[in-house]
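Colleague: Okay, handing you the structure first.
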Amino acid sequence: MTFEVITLGCKVNSCESAAISERFAAEGFSSAPTGEPADVYIVNSCAVTAMSEKKARQIISRCKRDNPECVTVLCGCFPQAYPEAASRVAGADIVTGNSAKGAIPEMVRKFLDEKIRCMKVDPLTRQFDEAAAGADVDRTRAFIKIEDGCDRFCTYCIIPTARGRVRSRTPAEIAAQAKKCTESGHKEIVLTGINLGCYGQELGLTLGDAVKAAAESGAARIRLGSLEPEMMTDEEISKLAAVPQLCPHFHLSLQSGCDATLKRMCRRYDTAKYREVTDKLRAAFPGCSITTDIMVGFAGETEEEFRRSMAFAEEIGFAKIHVFPYSIRKGTVAAERSDHVTPQIKTERAHIMEELSKRLEREFLKKQVGTEKTVLIEKKRSDEYSHGLTDSYFEVRIYGEDITRHSLVNVRITGARDGYCVGRVIGAV
């Protein structure tokens, strides 16, 4: 029988989908050829927004339409956070949360034998689940899940319910998987987690210990996923700076540049603390890029608060901003507020913030012209150029060159365009 795993949401889900695929292959299933219907579909869902839930429902429906006889599995954050709603998804033969992803092949076998719909959403434990910790190696960069869960309980966020409390992978397991990825040809390892900066708190460790373990693999580059600013202490920044392979790119979640909004969100920092952290990162990693997430239209956000958020984003000078409108999540504190911003205003503010993001990105890229960067070549997508990412996480296109994927090349940046730079090769690494 053939299977296909469809992933929604974050890079952690991508890593877990890789583990699910490995389990199915070990059980004798075959990956469905591209473009052909599968016998089993596994939809690894997200619950961060209402739209992500809608997408999961639509995908289940489409799978049944493409192959009415297929077995469909809805798993992940949507069922874990909202089991009753997930149980009502039409067409889902098996519904399970985040605690049993490693057992999905067995659930499918049982369904094939008994033809009885299965609903299994168990409580999450405090143990890191190695069975759901594959490496996403389909990309040029290899993504490794090293942490799960979040203890923060921001007022807008359902993730602690969907993912449980913080639990971390051991340094030995991180080192072992990073080594496998490096031996398979990956030159960059990306460490990812639900709240990555909390890595190791229950083990007496910190993120720096995980980075050090990954660097033992011999990978040329180690990159970090999204970070919370309050976790970037002086000691932690020093530990990170001591690892020469660490990429000078930090995705430092902001959510809002207004202190009043941050307080309503129950974030554990203010703009002064955030500014202090970015200053220290730039001192420890000269020339580093800092990217972020900003939410617009959070409950109670006034025009003045939005303007303050815009002004702070411009002050920090982000290399790029991921902009998204606030989505009400049932079961969170903010969902109970009576001062929600209208969808129209949220859309308008998202557009304005996105325009700022584009301008800041253009300014960042223009500053790169004339510099020399090491570029990791990605999968080719045009006959006109090869392209890849620098260690500071911006795209470079090299026209007239056909460079092998996974190669590291030294490039002089000769120009900046919308969303990328242009460069020429000056030598191999």
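Colleague: Give me the residue from the range 92-142 that is touching a helix residue (DSSP H, G or I) at 6+ places or on another chain (Cβ under 9 Å), among the basic types (Lys, Arg) and not in a loop (DSSP other than H, G, I, E, B) and, out of that set, nearest to THR7 (Cα to Cα).
Modeller: Applying the filter and picking the extreme gives LYS101.
Colleague: So, in the range 325-344, of the ones that are surrounded by 16 or more Cβ atoms within 10 Å (Cβ to Cβ) and without any contact (Cβ under 8 Å) to a residue 60 or more places away in the chain, which residue ends up nearest to THR291 (Cα to Cα)?
Modeller: Result: PRO325.
Colleague: Tally up the residues in the range 182-202 that are over 21 Å from PRO248 (Cα atoms) and of a type outside the set (Ser, Thr, Tyr), please.
Modeller: Let us first name the residues in the range 182-202 that are over 21 Å from PRO248 (Cα atoms), namely 183-185, 200-202.
This time we only want the ones that are of a type outside the set (Ser, Thr, Tyr), so: 183, 185, 200-202.
Matching residues across the range 182-202 total 5.
Colleague: Residues that are in contact (Cβ under 8 Å) with a residue 60 or more places away in the chain and not hydrophobic (A, V, I, L, M, F, W, C): does the range 81-88 have at least one? Before the answer, list the steps.
Modeller: Narrowing the range 81-88 to residues in contact (Cβ under 8 Å) with a residue 60 or more places away in the chain: 81-82.
Pick out the ones that are also not hydrophobic (A, V, I, L, M, F, W, C) and you get 82.
Yes, there is a match, as at least one residue in the range 81-88 is in contact (Cβ under 8 Å) with a residue 60 or more places away in the chain and not hydrophobic (A, V, I, L, M, F, W, C).
Colleague: Continuing with this model, one more query. Can you tell me which of ALA100, ALA18, ALA32 is crowded, with 17+ Cβ neighbours inside 10 Å and either in contact with a Lys or Arg (Cβ under 7 Å, 6 or more places away or on another chain) or assigned by TED's automatic domain parsing to the domain that holds ASP138 (or both)? Show your work before the answer.
Modeller: On the way: ALA18 fails: either in contact with a Lys or Arg (Cβ under 7 Å, 6 or more places away or on another chain) or assigned by TED's automatic domain parsing to the domain that holds ASP138 (or both); ALA32 fails: either in contact with a Lys or Arg (Cβ under 7 Å, 6 or more places away or on another chain) or assigned by TED's automatic domain parsing to the domain that holds ASP138 (or both).
One residue alone meets the criteria, ALA100.
Colleague: If you don't mind, there's one more thing I want to ask. Every residue in the range 44-90 that is of a type in the set (Ser, Thr, Tyr), in contact with a strand residue (DSSP E or B) (Cβ under 6 Å, 6 or more places away or on another chain) and not in a helix (DSSP H, G or I), please. Full working, then the answer.
Modeller: So in the range 44-90, the residues of a type in the set (Ser, Thr, Tyr) come out as 45, 49, 52, 61, 72, 82, 87.
Within this subset, residues satisfying the condition of being in contact with a strand residue (DSSP E or B) (Cβ under 6 Å, 6 or more places away or on another chain) are 45, 72, 87.
Of everything in the range 44-90, those that are of a type in the set (Ser, Thr, Tyr), in contact with a strand residue (DSSP E or B) (Cβ under 6 Å, 6 or more places away or on another chain) and not in a helix (DSSP H, G or I) turn out to be SER45, THR72.
Colleague: What do you reckon, is SER168 hydroxyl-bearing (Ser, Thr, Tyr), crowded, with 20+ Cβ neighbours inside 10 Å and touching a Ser or Thr at 6+ places or on another chain (Cβ under 8 Å)? Step through it out loud before you land on a result.
Modeller: Numbers: hydroxyl-bearing (Ser, Thr, Tyr): yes; crowded, with 20+ Cβ neighbours inside 10 Å: yes; touching a Ser or Thr at 6+ places or on another chain (Cβ under 8 Å): no.
No.
Colleague: Among the residues of the range 392-417, write down those that are more than 21 Å from SER184 (Cβ to Cβ), in a loop (DSSP other than H, G, I, E, B) and either in contact (Cβ under 8 Å) with a residue 24 or more places away in the chain or not acidic (Asp, Glu) (or both). Lay out the reasoning, then the answer.
Modeller: Taking the range 392-417 first, the residues more than 21 Å from SER184 (Cβ to Cβ) are 392-402, 410-417.
Then keep just the ones that are in a loop (DSSP other than H, G, I, E, B); that gives 392-394, 400-402.
Of everything in the range 392-417, those that are more than 21 Å from SER184 (Cβ to Cβ), in a loop (DSSP other than H, G, I, E, B) and either in contact (Cβ under 8 Å) with a residue 24 or more places away in the chain or not acidic (Asp, Glu) (or both) turn out to be SER392, TYR393, PHE394, GLY400, GLU401.
Colleague: Same structure, new question: Checking LYS330 against (1) under 30 Å from LYS263 (Cα atoms); (2) assigned to a strand (DSSP E or B): exactly one of these is not met. Which one?
Modeller: Result: LYS330 passes all but (2).
Colleague: Would you confirm, using the coordinates I've provided, whether GLY423 is within 25 Å of the chain's Cα centre (by Cα), buried (at least 16 other Cβ atoms within 10 Å of the Cβ) and outside any loop (DSSP other than H, G, I, E, B)?
Modeller: Details: within 25 Å of the chain's Cα centre (by Cα): no; buried (at least 16 other Cβ atoms within 10 Å of the Cβ): yes; outside any loop (DSSP other than H, G, I, E, B): yes.
Against the criterion (within 25 Å of the chain's Cα centre (by Cα), buried (at least 16 other Cβ atoms within 10 Å of the Cβ) and outside any loop (DSSP other than H, G, I, E, B)), GLY423 does not qualify.
Colleague: Consider CYS15 carefully, then state whether it is at pLDDT 95 or above and either of a type in the set (Asp, Glu) or part of a strand (DSSP E or B) (or both). Walk me through it before giving the result.
Modeller: Values: at pLDDT 95 or above: yes; either of a type in the set (Asp, Glu) or part of a strand (DSSP E or B) (or both): no.
For CYS15, the condition - at pLDDT 95 or above and either of a type in the set (Asp, Glu) or part of a strand (DSSP E or B) (or both) - is not met.
Colleague: Can you say whether SER386 is assigned to a loop (DSSP other than H, G, I, E, B), small (Gly, Ala, Ser) and within 25 Å of GLY185 (Cβ to Cβ), as far as the supplied structure shows? Give the steps one after another, and end with the answer.
Modeller: Values: assigned to a loop (DSSP other than H, G, I, E, B): no; small (Gly, Ala, Ser): yes; within 25 Å of GLY185 (Cβ to Cβ): yes.
So SER386 fails the test.
Colleague: Now for a separate question. Would you check if THR161 is in contact with a helix residue (DSSP H, G or I) (Cβ under 9 Å, 6 or more places away or on another chain), surrounded by fewer than 19 Cβ atoms within 10 Å (Cβ to Cβ) and polar (S, T, N, Q)? Step through it out loud before you land on a result.
Modeller: On the way: in contact with a helix residue (DSSP H, G or I) (Cβ under 9 Å, 6 or more places away or on another chain): yes; surrounded by fewer than 19 Cβ atoms within 10 Å (Cβ to Cβ): yes; polar (S, T, N, Q): yes.
Against the criterion (in contact with a helix residue (DSSP H, G or I) (Cβ under 9 Å, 6 or more places away or on another chain), surrounded by fewer than 19 Cβ atoms within 10 Å (Cβ to Cβ) and polar (S, T, N, Q)), THR161 qualifies.
Colleague: With (1) farther than 29 Å from GLY185 by Cβ; (2) part of a strand (DSSP E or B); (3) within 26 Å of the chain's Cα centre (by Cα) as the list, and ARG359 as the residue in question, which single condition is left unmet?
Modeller: (2)
Colleague: Counting just the residues of the range 67-97 that are farther than 18 Å from ALA50 by Cβ and β-branched (Val, Ile, Thr), which one comes out surrounded by the most Cβ atoms within 10 Å (Cβ to Cβ)?
Modeller: The qualifying residue surrounded by the most Cβ atoms within 10 Å (Cβ to Cβ) is VAL73.
Colleague: Something else now. Tell me yes or no: at least one residue of the range 91-111 is aromatic (Phe, Trp, Tyr), in contact (Cβ under 8 Å) with a residue 12 or more places away in the chain, touching a strand residue (DSSP E or B) at 6+ places or on another chain (Cβ under 9 Å) and farther than 24 Å from ALA26 by Cβ.
Modeller: The answer is no; no qualifying residue exists.
Colleague: State all residues of the range 303-340 that are aromatic (Phe, Trp, Tyr) and within 27 Å of GLU84 (Cα to Cα); if no residue qualifies, say none. Walk me through how you get there before you give the answer.
Modeller: Taking the range 303-340 first, the residues aromatic (Phe, Trp, Tyr) are 306, 312, 318, 324, 326.
Selection gives PHE324, TYR326.
Colleague: Right, ALA178: outside any loop (DSSP other than H, G, I, E, B) and in contact with a Leu (Cβ under 8 Å, 6 or more places away or on another chain) or not?
Modeller: Values: outside any loop (DSSP other than H, G, I, E, B): yes; in contact with a Leu (Cβ under 8 Å, 6 or more places away or on another chain): no.
Answer is no for this residue.
The values are calculated or read from the model by the stated rules, or taken from the named source; none is laboratory data. Since the model is a prediction, treat every value here as computed from it, not as a measurement. Heads up, the Cβs are rebuilt from the backbone with ideal geometry, glycines too, and the neighbour counts pull from every protein chain shown.
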